[in-house]
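Asks: Shown below is the structure under consideration.
Every read-out reported here was derived from the displayed coordinates using simple, explicitly stated rules and does not represent laboratory data. Quantities reported herein were computed from a predicted structural model and do not represent experimental measurements. Positions of Cβ are generated from backbone atoms using ideal geometry, with glycine treated the same way; all protein chains shown enter the neighbour counts.
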Amino acid sequence: MNPSLKNLETDYVDLYIYHIWNWLTPMEEIAEGLAESSKKW
């Protein structure tokens with residue numbers, strides 16, 4: 001993992017895992033929500 005972090009020039013990587021897929025929500029809306037949540041950090 002450390003060589004990958006060095007290649008990315010970062011100390012950490014955030015992983016988001018969805019356990020339940022919501023088939024009613026468009027993928028674009030999910031992606032927008034993920035993008036917005038990552039901006040808050």
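Asks: Can you find even one residue in the stretch 14-34 that is out of contact with any His (no Cβ under 9 Å at 6 or more places or on another chain), in a loop (DSSP other than H, G, I, E, B) and on the phi > 0 side of the Ramachandran plot?
Replies: So far as the stretch 14-34 goes, no, none of its residues is out of contact with any His (no Cβ under 9 Å at 6 or more places or on another chain), in a loop (DSSP other than H, G, I, E, B) and on the phi > 0 side of the Ramachandran plot.
Asks: Here's something else I'd like to know. Output the number of residues of the stretch 6-41 satisfying the condition of being aliphatic (A, V, I, L, M) and over 16 Å from the mean Cα position of the chain (by Cα). First the steps, then the outcome.
Replies: Initially, the stretch 6-41 is screened for residues aliphatic (A, V, I, L, M), giving 8, 13, 15, 17, 20, 24, 27, 30-31, 34-35.
Checking which are over 16 Å from the mean Cα position of the chain (by Cα) leaves us with 24.
Count: 1.
Asks: So, one more: May I ask you to list pairs of residues, at least six apart or on different chains, whose Cβ atoms are under 9 Å apart, with the first in the stretch 14-26 being more than 20 Å from S4 (Cα to Cα) and the second being surrounded by 10 or more Cβ atoms within 10 Å (Cβ to Cβ) and of a type outside the set (A, V, I, L, M)?
Replies: Between residues of the stretch 14-26 that are more than 20 Å from S4 (Cα to Cα) and residues that are surrounded by 10 or more Cβ atoms within 10 Å (Cβ to Cβ) and of a type outside the set (A, V, I, L, M), the close pairs are T25/G33.
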